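The values are calculated or read from the model by the stated rules, or taken from the named source; none is laboratory data. What you are looking at is a predicted structure, and each value in this text was computed from that prediction instead of being measured. Here the Cβ positions follow ideal geometry from the backbone for every residue, glycine too, while neighbour counts run over all protein chains shown. We work out accessible area using only protein heavy atoms, side chains counted, and drop any ligands, DNA or RNA first. Shrake-Rupley method; radii C 1.70, N 1.55, O 1.52, S 1.80 Å.
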Amino acid sequence: MSLSPSKLVGYQLAEFDKSSRLRVWLFFLQLLLAVPAALSVVIVDETWLYALAIAGGIGLVVWWLISIQYEKSRSAAQTARRASLLSGAFAETFSAFELSELRQRFTVTEEQAVAKENPDYYATKNAPGASRLAEMLEESAFFTSELQDFSGRVMGVILAAFIVIAGVIGLSVGINLDRSASMTFVRIILSVFVFIMSSDMLGAFFKHLAAAAQTKAIRGRLATLQQRSAPLMDVLLVMTDYNAAVEAAPESVPFAFNLRERKLNARWAEYLADKAASD
């Protein structure tokens with residue numbers, strides 16, 4: 001059975017959902033891996049230290065296995081996204097070989113993809129061709145920019161919460177501890193900082209904001225292109241820039257789209273209405 005644009009969208013959404021869940025699991029596993037390091041500061045019993053080392057090793061293996069699945073699902077989601085854009089924009093299908101290659105890359109089942117199918121995923125009315133691709137890219141860039149900006153703000157709040165909690169605990173506990181206990185507490189705080197860096201929370205914060213800015217600029221380029229009848233070569237160049245920006249960015253935080261879906265859909269509908277009125 002051929003992979004229609006609607007089916008490709010289903011695979012795209014299902015793969016992104018899966019990779020988003022795996023990213024959350026990786027985050028909590030990294031948190032758990034930081035716990036043995038923090039506990040080792042205060043535990044002196046050799047048996048418990050060995051147990052912590054074994055637990056840390058097992059956790060690392062589990063993290064590595066989930067990380068592999070995460071990368072596969074993320075790659076499959078991006079592949080489905082690119083394929084759905086091209087197939088939907090030009091109303092054509094891929095060769096039998098490419099269809100086979102696509103199916104080999106997917107990590108979700110056909111049933112999971114079917115459950116996510118949405119024939120109205122792209123609100124485009126243009127005829128197949130460059131202008132249709134430009135409109136689909138502009139819509140994608142709008143939602144991506146908004147969701148990446150929202151995700152960046154969420155990551156900023158989480159980072160700020162970690163810093164505030166560490167500061168409050170440090171001030172309240174450090175005052176009442178002797179020098180030896182204070183040094184132990186400092187080592188625990190340093191373990192927390194290592195977790196923040198190893199989980200790349202700070203990096204994700206900056207990457208989300210960078211992706212939001214890049215995709216917003218790309219949306220502006222696409223709006224300008226459509227005013228000039230969207231030359232195919234120009235649209236394809238912008239598409240490569242959009243792909244680079246999206247694929248370098250982390251997934252949006254879980255439930256970001258669900259929380260903002262109604263508002264973003266309303267804003268996009270208003271934009272399309274204003275755009276049609278001005279044409």
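By how many nm would the segment from A210 to M233 lengthen if fully extended, with 0.36 nm per residue of separation less the alpha-carbon distance?
Values: separation 23, 0.36 × 23 = 8.28 nm, distance 2.56 nm.
Separation in residues times 0.36 nm, less the Cα-Cα distance, equals 5.7 nm.
Quote the FRET efficiency, to the nearest 0.05, computed for K125 versus A244 with a Förster distance R0 of 35 Å and r equal to the Cβ-Cβ distance. Walk me through the numbers on the way to the answer.
On the way: r = 28 Å, r/R0 = 0.80.
Computed FRET efficiency for K125 and A244: 0.80.
So what is the accessible area of region 1-134 per residue, in Å², with the probe set to 1.4 Å?
Accessible area per residue, region 1-134: 56 Å².
In whole Hz, what ³J(HN,Hα) sequence does region 128-143 give by Karplus (6.51, -1.76, 1.60; θ = phi - 60°), x for Gly and Pro?
x, x, 4, 5, 5, 4, 4, 5, 5, 5, 5, 5, 4, 5, 4, 5
Starting from the Cα-Cα distance between L31 and T93, subtract it from 0.36 nm times their residue separation and give me the gain in nm to one decimal.
Full extension of this stretch gives 17.9 nm more.
Could you sort S67, S73, S2 by accessible area so the largest value comes first, with the probe set to 1.4 Å?
S2, S67, S73
Of the trypsin sites (Lys or Arg not before Pro) in region 74-133, which ones lie in a loop per DSSP and count no more than 11 other C-beta atoms within 10 Å? Before the final figure, lay out each step's value.
Details: sites: R74, R81, R82, R103, R105, K116, K125, R132; in loops: K116, K125.
Loop-located and lightly packed - K125.
Using 7 Å Cα-to-Cβ label points, what is the E46/L65 separation (nm, one decimal)?
The two pseudo-label positions are separated by 3.1 nm.
Less than 12 Å Cβ to Cβ from S2, Lys/Arg counted +1 and Asp/Glu -1: what total charge do the surrounding residues give?
Once positives and negatives cancel, what remains is 0.
Distance check, please: which entries in K7/K275; K207/K263; K18/K72; K216/K275 exceed 20 angstrom between their Cα atoms?
K7/K275; K207/K263
Rounded to the nearest 10 Å², what accessible area does L232 have for a 1.4 Å probe in the complete protein model?
About 80 Å², ignoring ligands and nucleic acids.
For region 6-112, give the percent of accessible area contributed by carbon and sulfur heavy atoms, probe 1.4 Å, rounded to a whole number.
On the way: 3980 of 5960 Å².
Using a 1.4 Å probe with all protein chains present, region 6-112 comes out at 67 percent carbon and sulfur.
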